[in-house]
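Undergrad: Got a structure here, written out as structure tokens. Questions coming.
The values are calculated or read from the model by the stated rules, or taken from the named source; none is laboratory data. In this text, all values refer to a predicted model and were calculated from it rather than measured experimentally. Note that each Cβ is placed from the backbone with ideal geometry, even for glycine, and that neighbours are counted across all protein chains shown. With ligands, DNA and RNA removed, areas are computed over all heavy atoms of the protein, side chains included. Shrake-Rupley method; radii C 1.70, N 1.55, O 1.52, S 1.80 Å.
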Amino acid sequence: MEISRHQFAQKLSAIEKAIKECDVIAIDTELSGLHRPFTPVRLYSMEDRYVEYKEATERFLIIQFGMCTFKWDQPSGRYIAKPFNFYIFPTSITGQVQTNRVFMTQAQAFDFLVKQSFDFNKWVYQGVPYMTREEEKVYVAQAQKRLNDDMPDIPVDDKELEFMKNARAKIDEWIATENPEDAEGVNINTRNAYQRRLIYQEIRKYEGLTALGMPGFIRAQKFTQKQEADRNKEKLEKFEKDLTTAIGFRKVIDMISDSGKTVVGHNMLLDVCHMIGQFVEPLPETLPEFKSLAHRLFPSMIDTKNMCISEPELRSIFGTSTALEQLRFETNKDTFSNPRIDMHPEFPRYITEMAHEAGYDAYMTGAVFLKLTSFLDKTRNPEKYPADKEEEEVPEEPKPVKVDADGWDISDQEEDTEWNLEEVEETYNYGSIRVDLTNAEGKMDNVLKNIDNKVAIVRTAYDYFDFVNPEVITPQSNAIKVSYPIGTVFTKETAARLFSKYGKHIVEPNDDTSSYVVFENLKEPVQDVEIFTITPVTKNLQ
């Protein structure tokens, strides 16, 4: 289901229902650009990589967001998918809300999107706007002042003194006239926004008068108590409508966060960074703060790329071919037949493939996740899965054909003369098995416990990015552990002085007395030097 700017408010209830009722949520994004300019450095520390991702969220935007929910349907023995596709555009045309954003685009990213038939006109004209939480607070505070007529006065320019003098005279004359031609109000013509603002603040000085904005003029009018109440109600409703429109897509992010459901992505670290930085709040300065914030917003995240890299049963199948399209192709084979997944009948957009549209990629990601998880569970817990039994088909004996007087065949259903209106059609059960995402206590202590809140990351010493616990370095021939006395300062500059002759490297602090140094291509053993003791990681982690 594709949802445009003008449909968004109307479809919010359907989005909320899908999120609340589902078992798992898959996400995907398309971005206006990916990374900062090319750098020859191939290895980064985790802190360096976070800085790179943080800079990317400040430069580029999510321009299309895909979300797909998956709900287990017990009567039919299958999962029902509801994919949503949103174009996201930071328009400022949202009532009184002015969020005039500046962002960057990357030519290579747009070239790719063009080849995938991305509709840039739809993005600009129908993209859903958004507002961060801090922007919402600022807007609400300003709107409350407008609602309460609590706006500060602005100075009157010399060139507008005559205009204001004439306006006051016109208002005073209308008030002093016992039976004016227009008993309800007086109109003050204005030429620009500045004059309108001056008239608004001038009318506030008259007790019992209310300013009404009209095209080309401001109307000073006396309201009855009921009229004043009706006008305040109208202003409040307009404010709430404007606010809902301006908050826009962040409502979806809030719903996902509030649900506490598992969020699945593919190579999703950059997606998570953008989701937070663009829709919730700017990314924090330090890596630990980011981890804490991300885990608080999305307490359970699973990366299908990391699944295939980390789990030995999957690694033996996929090897290094972990692109989403490849995973989708492989999991369509009989080995990954469980569970069955079908589209909800009200969501027919992706009956045919639309790869690289965010909504479809989210659907692929979620489907791959469920099939990978089921495969791991069946491999490790075969007793939960009944053995497949091949039933011998017994051919039915042909029945005599019944015909009417005109020679037309008569079916058994047509032979009945009375219809049973209370008869309920039996639901066909496909017989697939539900995937155990959590146990009875809601904990992920099954096949997912080792990959929950871990996402794929490359060009670092670590095997993955962990949102909750310290990352892990597995034995590798290109890494050493450098130990030193407590209080020793071991910096990148120190490492460069000691180890530059061995080639390019990165430094990953471990604790107060040691750090890891990972080389791009270490060809000879590293010896102890000065006060530093060298231990190959292959030995240190045994």
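Undergrad: For n ≥ 4 DSSP H runs only, could you compute -39500 (n - 2.57) per run for the chain, divide by its residues and tell me the 222 nm figure to the nearest 500? Present the calculation step by step, with values, prior to reporting the outcome.
TA: On the way: 18 runs with 201 residues, N = 542.
Taking each H run of at least 4 residues, the total per residue is -11500 deg cm²/dmol.
Undergrad: Please report the carbon-and-sulfur percent of the accessible area for region 471-542; probe 1.4 Å, protein heavy atoms only, DNA, RNA and ligands left out.
TA: Ligands and nucleic acids excluded, carbon and sulfur reach 50 percent.
Undergrad: What are the extents of the Cα atoms of the chain along their three principal axes, listed from largest to smallest and rounded to whole Å?
TA: So the extents along the principal axes, rounded to whole Å, are 105, 96, 45.
Undergrad: Let me ask something additional. Take region 181-320, compute every pairwise Cα distance, and split them into 10 Å bins from 0; I just need the percent in each bin.
TA: With a bin width of 10 Å, the distribution comes to 9, 23, 18, 13, 15, 12, 6, 4, 0.
Undergrad: Using just the C-alpha positions of region 300-395 as equal point scatterers, what log10 of I(q)/I(0) does the Debye formula give at each q in 0.12, 0.19 1/Å?
TA: -0.46, -0.98
Undergrad: Among VAL468, SER515, PHE532, whose Cα projects farthest towards the positive end of the dipole of region 463-542, with charges put on the beta-carbon of Lys, Arg (+1) and Asp, Glu (-1)?
TA: My answer, from the dipole projection, is PHE532.
Undergrad: Now for a separate question. If you average the C-alpha positions of region 1-27 and of region 160-229 separately, how far apart do those two centres end up, in angstrom?
TA: Value for the Cα centre distance between the two parts: 45 Å.
Undergrad: SER477 to ALA169: FRET efficiency via 1/(1 + (r/R0)^6), r the Cβ-Cβ distance, R0 56 Å, to the nearest 0.05?
TA: Working: r = 90 Å, r/R0 = 1.60.
Between SER477 and ALA169 the formula returns 0.05.
Undergrad: What's the carbon and sulfur percent of region 106-147's accessible surface, probe 1.4 angstrom, rounded to a whole number?
TA: Carbon plus sulfur share of accessible area: 51 percent.
Undergrad: Whenever you get a sec, compute what percent of the accessible area on region 237-375 sits on carbon and sulfur atoms (1.4 Å probe).
TA: On the way: 2720 of 5310 Å².
Of the solvent-accessible surface of region 237-375, carbon and sulfur hold 51 percent.
Undergrad: Rounded to the nearest 5, what % of DSSP beta bridges with both residues in the chain are antiparallel? Spell out each step's value before the answer.
TA: Values: 51 of 64 bridges.
Of all bridge pairs located within the chain, approximately 80 percent are antiparallel.
Undergrad: Let me know the charge dipole size of the chain about its Cα centre in debye, to the nearest 20, where only the beta-carbon of Lys, Arg (+1) and Asp, Glu (-1) is charged.
TA: On the way: 66 positive and 91 negative charges, 623 e Å.
About 3000 debye.
Undergrad: Over the chain, average the accessible area per residue using a 1.4 Å probe and give it in Å², no decimals. Could you put the intermediate results ahead of the total?
TA: Numbers: 30480 Å² over 542 residues.
Normalised by residue count, the accessible surface of the chain is 56 Å².
Undergrad: Separate question: Would you mind telling me the antiparallel percentage of the DSSP bridges in region 208-338, rounded to 5? Intermediate values should be presented prior to the final figure.
TA: Details: 6 of 9 bridges.
Antiparallel bridges make up about 65 percent of those DSSP assigns within region 208-338.
Undergrad: Over the chain, calculate the relative contact order: mean separation of alpha carbon pairs under 8 Å at least 6 apart, over the residue count, as a percent.
TA: Numbers: 804 pairs, mean separation 102.8, N = 542.
19 percent.
Undergrad: Could you tell me the distance between the Cα centroids of region 477-540 and region 248-313, to the nearest Å?
TA: 32 Å
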